[in-house]
Amino acid sequence: MNRLLMLIACALFSLGAPATASAQRVAEADQVPLDFRRTTLVVRDIDASLAFYRDALGMAVTYDNYIRTPREATTDEGAERSLRLVLLRSNDVYVGQIGLMQYFKPDRPERPERSDTELRPGDIVLVFNVKDQESVFARASTAAGVTVGEAPHLVTYPGYGGQGVIRVNFASVYDPDGHYIELNQVLDALPGGN
């Protein structure tokens, strides 16, 4: 039962955190044997993705390199394989990072374009907690290639242990590659928050 409550709490926490909340390490007695390090997104145009994640959302670049095979190849002409990998962080240097990866060689065909914006099995949802939703949403929603899912509006979720509700200013966009992004500002304190 405790594991079920922890999973529910983690799911609700992923909805966002109040402006005063910050990431906290789980107590040692409650830790599991892994850390979720990073989500890497394969993208069509890494510069357009950087304009969204770095410039519009405000993430910081921690790594930006071309990776070629063989490793001694210094250009794409001399390489069998070539890609660019950029890592970005929000407020933790180890977990919760985003990777952006663009393949250059060999050429990889794109997946077919989606004809709708309904979430389906196999899709991912990236949830960002924002302190100033108005300005972040304004930048994100006007970035090149971005589609607005839902403009900011108030939603409520059941509170922990059935007590009250958690109010969230919810907003969503699709990044230049169609990944679903939530930009949430939680208005009520969550358990473990500051």
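The values are calculated or read from the model by the stated rules, or taken from the named source; none is laboratory data. These figures come from a predicted structure and were not determined experimentally. Here Cβ is always computed from backbone atoms with ideal geometry, including for glycine, and neighbour counts include all displayed protein chains. Surface accessibility is based on the protein's heavy atoms, side chains included, excluding ligands, DNA and RNA. Shrake-Rupley method; radii C 1.70, N 1.55, O 1.52, S 1.80 Å.
Of all accessible surface on the chain at a 1.4 Å probe, what whole percent is carbon and sulfur?
On the way: 6430 of 12030 Å².
Answer for the chain is 53 percent, counting heavy atoms of protein chains only.
Of 98, 124, 67, the order by accessible heavy-atom surface (1.4 Å probe, DNA, RNA and ligands excluded), from most exposed downward, is 124, 67, 98.
Computed from label points 7 Å out along Cα-Cβ, the spacing between residue 85 and residue 117 is 3.3 nm.
Distant-in-sequence amide contacts of residue 44, defined by a placed amide H-H separation under 5 Å and a gap of 5 or more residues or a different chain, comprise nothing.
Taking the solvent-accessible surface of protein heavy atoms with a 1.4 Å probe, what is the per residue accessible area of the chain in Å²?
On the way: 12030 Å² over 194 residues.
Averaged over the residues of the chain, the accessible area is 62 Å².
Report the relative contact order of the chain, percent, no decimals, based on alpha-carbon pairs under 8 angstrom and at least 6 residues apart. Please list the in-between numbers first.
Details: 342 pairs, mean separation 50.4, N = 194.
Dividing the mean separation by the residue count of the chain yields 26 percent.
Across all directions, the average projected area of the convex hull around the alpha carbons of the chain is 13.3 nm². When +1 charges are put on Lys and Arg Cβ atoms and -1 charges on Asp and Glu Cβ atoms, the dipole computed for the stretch 85-194 relative to its Cα centre reaches about 240 debye. For the chain, a crude dipole built from +1 on the beta carbon of Lys and Arg and -1 on the beta carbon of Asp and Glu, taken about the Cα centre, is about 360 debye to the nearest 20.
Starting from the amide H of residue 149, placed 1.01 Å from N in the peptide plane, find each other amide H under 5 Å away whose residue is 5 or more places distant or on another chain. Here the answer is 172, 173, 174, since their amide H atoms fall under 5 Å of that of residue 149. Going by accessible surface with a 1.4 Å probe and the largest first, 94, 63 read 94, 63. Compared with the dominant Cα axis of the chain, that is its longest principal axis, helix 2-13 is turned about 70°.
Length gain on complete extension for the stretch residue 135 to residue 66, per 0.36 nm per residue less the alpha carbon to alpha carbon distance? The partial results should precede the final answer.
On the way: separation 69, 0.36 × 69 = 24.84 nm, distance 3.25 nm.
21.6 nm is the gain from fully extending residue 135 to residue 66.
Subtracting the Cα-Cα distance of residue 107 and residue 151 from their residue separation scaled by 0.36 nm leaves 12.2 nm.
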